[in-house]
Amino acid sequence: MLMEKKMEKKAVLITGATSGIGKEATIALAKLGIKVIFTARSENSGELVKKEIKEKTGAEADYFICDLASLVEVRKLAGDFQKKYGRLDILINNAGVGETELKFSKDNIEMDMAVNYFAPFLLTNLLLPTLKNSAPSRIVNVSSMMHAEGHIDFSNLVEGKNFDKYSAYSQSKLALLLFTRKLAKELEGSGVMANAMHPGVINTKITKEFLADTNILVKTAFRLTMISEEKAGGGIAYLATSRELDGVTGEYFDRKTKKRSSEESYDMNTAEKLWVVSEKVCGLQKE
């Protein structure tokens with residue numbers, strides 16, 4: 001069961017932890033005695049969350065400043081983390097955006113794909129040596145039930161052509177799920193588990209903006225299924241720590257329940273092609 005005993009001397013790195021479900025997951029993990037390291041976009045936001053974690057848990061947290069919309073900064077984050085910390089037991093790729101209009105990252109990549117997919121692809125690959133050395137370890141990728149509406153369009157992974165907020169977001173979350181499945185396969189025998197999850201429907205800025213132009217029936221249906229940020233954060237912490245999931249890898253969870261995801265999310269040919277393309281975009285081509 002989650003939090004059945006204190007977990008000592010372990011370290012977690014979580015992105016997108018200065019607000020919402022990421023912050024709640026960070027607090028839940030800190031309560032376990034895990035060393036919490038998180039990302040923040042500014043020193044001010046980082047210090048505020050660090051103080052809140054201390055007040056609520058008594059634990060000392062640490063953070064790195066990183067704009068995940070920059071592959072250069074993602075590389076710096078990975079390098080700085082490895083210089084400062086010798087182990088990484090849990091990596092949680094939680095940070096996400098849902099743009100309502102076309103925007104581009106610092107690398108000229110459509111923003112949803114840049115932050116929701118390419119940043120975690122690069123960060124995870126760069127931190128794999130540390131995760132392997134710390135095994136048994138876990139990777140948790142926060143996807144979304146909206147992955148089921150997505151389709152990988154290899155002609156439009158970075159360009160943002162004919163931008164539609166639902167299609168862009170769904171593609172990025174499907175890409176993250178395909179990455180998780182391919183990653184789990186690559187890591188077989190290493191002691192590193194990789195799983196993806198839908199954290200639940202939460203009353204976040206992304207949810208509000210996506211529901212803004214839907215009809216009253218759709219809005220009502222979503223509101224009836226909404227859960228608190230604390231519960232959603234607890235679901236992330238469960239996937240990251242529960243002993244019930246020891247050895248479980250390459251799966252998709254709806255909060256704490258393993259579920260079957262969309263048909264395309266099981267297409268390993270697409271997953272493998274996406275991996276190769278992603279290596280090129282992120283500058284990880286093998287010599």
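The values are calculated or read from the model by the stated rules, or taken from the named source; none is laboratory data. Bear in mind that the values here come from a model prediction, so they are computed numbers and not experimental data. Cβ placement follows ideal geometry from the backbone for every residue including glycine, while neighbour counts extend to all protein chains displayed. What goes into the accessible areas is simple: the full protein's heavy atoms, side chains included, and nothing from ligands, DNA or RNA. Shrake-Rupley method; radii C 1.70, N 1.55, O 1.52, S 1.80 Å.
The LEU284 and PHE104 beta-carbon pair, evaluated with R₀ = 22 Å, returns a calculated FRET efficiency of approximately 0.60. Between TYR166 and LEU48, the FRET efficiency from the beta-carbon distance, with R0 = 35 Å, is close to 0.60. Taking every DSSP beta bridge that has both ends in region 1-128, the antiparallel portion is near 10%. Taking the DSSP bridge list for the chain and keeping only pairs wholly inside it, about 15 percent are antiparallel. Taken one residue at a time, the phi angles of region 142-158 give Karplus couplings (6.51, -1.76, 1.60, θ = phi - 60°) of 7, 9, 6, 4, 5, 4, 5, 8, x, 8, 7, 9, 5, 8, 8, 7, 10 Hz. Gly and Pro are set to x. The heavy atoms of GLU272 offer some 70 square angstrom of accessible surface to a 1.4 angstrom probe.
Among the protein heavy atoms of the chain, carbon and sulfur supply 50% of the accessible surface, probe 1.4 Å, non-protein parts ignored.
For the chain, modelled as a GNM whose springs connect Cα atoms under 10 angstrom apart, the maximal fluctuation among LYS56, LYS31, LYS84 occurs at LYS84. Once you list every other residue whose beta carbon is under 13 Å from the beta carbon of TYR63, what net charge do they have if Lys and Arg are +1 and Asp and Glu are -1? With Lys, Arg at +1 and Asp, Glu at -1, the net is +1.
Where the alpha-carbon atoms of the chain are placed on the principal axes, they occupy 52, 48, 37 Å, in descending order.
Heavy atoms of the protein chains alone define the surface here; on that basis region 1-95 has 46 Å² accessible area per residue at 1.4 Å probe size. Converting phi to 3J(HN,Hα) with the Karplus coefficients 6.51, -1.76 and 1.60 and the offset θ = phi - 60°, region 264-281 yields 5, 5, 9, 7, 6, 5, 5, 4, 5, 5, 4, 4, 4, 4, 5, 4, 5, 4 Hz in sequence order, with x at every glycine or proline.
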